[in-house]
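**Q** There's a structure below that I have some questions on.
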Amino acid sequence: MRKPLLHQSFLNAFRGIFMMIKSERNFQLEVAAFLINLFLIFYLHLSTLDSLLILIVSSGVLAAEIFNTAIEKICDIIQPEFDQRIGFIKDISAGAVLLMALISAITGILVYWKYFFI
């Protein structure tokens, strides 16, 4: 199989992101949180380091959700019926998203605290 051209690879990747936005409720909420963070970065004039921290953890949540969704879709193709082993895989995949979201929330509290309360 021939590799797609570079611009086609980018188009495919963007299509994947748009498919996530269109079909996955959790991803929609996480994108909304990302946009709120972008607004706050500019509105509060966050330092470069604080902005970088917020962008890294916010992007990490989005990436974790994409991986989680991909794992779940693959599992559903491999085993459409309930299987305890597949359930375990899905649970740990979802756990990775939860862990990233918790780290993101803690980072947000630590970063935004000084802009709101000091």
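**Q** From Cα pairs below 8 angstrom and at least 6 apart in sequence, can you work out the relative contact order of the stretch 1-115, rounded to a whole percent? Could the numbers behind the result be given before it?
**A** On the way: 55 pairs, mean separation 30.9, N = 115.
RCO, the stretch 1-115: 27 percent.
**Q** Right, something else. Apply the Karplus curve 6.51 cos²θ - 1.76 cosθ + 1.60, θ = phi - 60°, to the phi angles in the stretch 62-67 and return the couplings in whole Hz, x for Gly and Pro.
**A** These are the phi-based 3J(HN,Hα) values: 5, 5, 4, 5, 5, 4 Hz.
**Q** Additional query: What FRET efficiency, computed as 1/(1 + (r/R0)^6) with R0 = 25 Å and r the Cβ-Cβ distance, is obtained for MET1 and LYS22, rounded to the nearest 0.05?
**A** After rounding to 0.05, the efficiency reads 0.35.
**Q** In whole percent, how big is the carbon plus sulfur part of the accessible area of the stretch 7-79, probe 1.4 Å, protein atoms only? Don't skip to the end; give the middle numbers.
**A** Working: 3650 of 4920 Å².
The C+S portion of the solvent-accessible surface of the stretch 7-79 is 74 percent.
**Q** Let me cross-check ASP76: its accessible surface, 1.4 Å probe, with only protein heavy atoms counted, in Å² to the nearest 10?
**A** Roll a 1.4 Å probe over it and ASP76 shows about 70 Å².
**Q** Moving on. Could you tell me the calculated FRET efficiency between ALA96 and PHE117, based on Cβ-Cβ distance and R0 = 41 angstrom, to the nearest 0.05? Write down the numbers at each step before the final one.
**A** Values: r = 31 Å, r/R0 = 0.76.
About 0.85, to the nearest 0.05.
**Q** When the chain is fully extended, how far beyond the present Cα-Cα distance does ALA13 get from ILE36, taking 0.36 nm per residue of separation?
**A** Contour length minus the Cα-Cα distance gives 5.9 nm.
**Q** Using θ = phi - 60° and the Karplus curve 6.51 cos²θ - 1.76 cosθ + 1.60, what whole-Hz ³J(HN,Hα) does each residue of the stretch 75-92 get, with Gly and Pro shown as x?
**A** 4, 5, 6, 5, 9, x, 7, 4, 9, 4, 5, 5, x, 4, 4, 5, 5, 6
**Q** Per residue, how much accessible area does the chain show when a 1.4 Å probe rolls over the protein heavy atoms, in square angstrom? Show your work: numbers first, answer last.
**A** Working: 8890 Å² over 118 residues.
Per residue, the chain has 75 Å² of solvent-accessible surface.
**Q** Let me ask something else. Could you give log10 I(q)/I(0) at q = 0.13, 0.17, 0.22 Å⁻¹ for the stretch 22-118, computed by the Debye formula over C-alpha point scatterers of equal weight, without solvent?
**A** One equal scatterer on each Cα of the stretch 22-118 leads to -0.53, -0.76, -1.06.
**Q** Roughly speaking, what is the centre-to-centre gap between the stretch 1-62 and the stretch 63-118 when only Cα atoms are used, to the nearest Å?
**A** Taking the Cα centre of the stretch 63-118 as reference, the centre of the stretch 1-62 is 15 Å away.
**Q** If I fit a long axis through the Cα atoms of helix 25-43 and take the longest principal axis of the Cα atoms of the chain, what angle between them do I get, 0 to 90°, rounded to 10?
**A** With rounding to tens, the tilt is 20 degrees.
The values are calculated or read from the model by the stated rules, or taken from the named source; none is laboratory data. Predicted, not measured: the structure shown is a model, and the values here were computed from it. Note: ideal-geometry Cβ built from the backbone for every residue, glycine included; neighbour counts use all protein chains shown. For the accessible areas, the whole protein counts, side chains as well, though only heavy atoms, and no ligand, DNA or RNA atoms are used. Shrake-Rupley method; radii C 1.70, N 1.55, O 1.52, S 1.80 Å.
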